[in-house]
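Asker: One structure, pasted below without further comment.
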C-alpha cells in the first residue's frame, strides 16, 4: 500500500471518528432528557469540529494540529460527567473513549504526514 493511500485512509478514519464522537454526544444528551443547556453544550463542543471538516478532508496538517486541542473540551466534559453523574457514566465513558481515540488518530496523522507539504 502506498503512502498516499495510507494518508487518504487515515483522513477517512479521522472524519468517521469525528462523526461517531458527535453522534455519541448527541445520543448521550438526548437519552438523559434534552434541555436548552444540552443544546448549547452540543453546539459549543461540535462547532469547531464541523468548521474544520473541509480542511481535514483536504489534508491540511495545521488543521489536524489545532484539532488535537479542539478535542480537549470533550475530554473535560466526559471526565466531569463520569465522575459527577453516576446515571450518565456509560455515555460519558463512551464519549471519553471516542474523544481520546480521535486525539490519538490526529497525532498519528501528523506523524504519518511528517515531511509532506
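The values are calculated or read from the model by the stated rules, or taken from the named source; none is laboratory data. What you see is a predicted model; the values in this text were computed from it and never measured. All Cβ positions, glycine included, derive from the backbone under ideal geometry; neighbour counts span all protein chains shown.
Asker: Do we have residue 76 as in a helix (DSSP H, G or I), without any contact (Cβ under 8 Å) to a residue 12 or more places away in the chain and either touching a strand residue (DSSP E or B) at 6+ places or on another chain (Cβ under 7 Å) or within 15 Å of residue 18 (Cα to Cα) (or both) here?
Answerer: So residue 76 does not fit the description; no.
Asker: Could you figure out which of (1) under 30 Å from residue 113 (Cβ atoms); (2) in contact with a helix residue (DSSP H, G or I) (Cβ under 8 Å, 6 or more places away or on another chain) isn't true of residue 54?
Answerer: Condition not satisfied by residue 54: (2).
Asker: To continue, here is another question. In the stretch 17-58, how many are under 20 Å from residue 82 (Cβ atoms), surrounded by 12 or more Cβ atoms within 10 Å (Cβ to Cβ), more than 11 Å from the chain's Cα centre (by Cα) and touching a residue at least 12 places away in the same chain (Cβ under 8 Å)?
Answerer: So the count comes out to 8.
Conditions (1) within 17 Å of residue 50 (Cα to Cα); (2) over 10 Å from the mean Cα position of the chain (by Cα); (3) at pLDDT 90 or above, marked per residue:
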| residue | (1), (2), (3) |
| --- | --- |
| 72 | yes, no, yes |
| 75 | no, no, yes |
| 80 | no, yes, yes |
| 87 | no, yes, no |
| 96 | no, no, yes |
| 99 | yes, no, yes |
| 103 | yes, no, yes |
| 107 | no, yes, yes |
| 116 | no, yes, no |
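Asker: Select from the stretch 59-70 the residues that are surrounded by 15 or more Cβ atoms within 10 Å (Cβ to Cβ) and closer than 21 Å to residue 97 by Cβ and list them in ascending order.
Answerer: Correct list: 64, 67, 68, 70.
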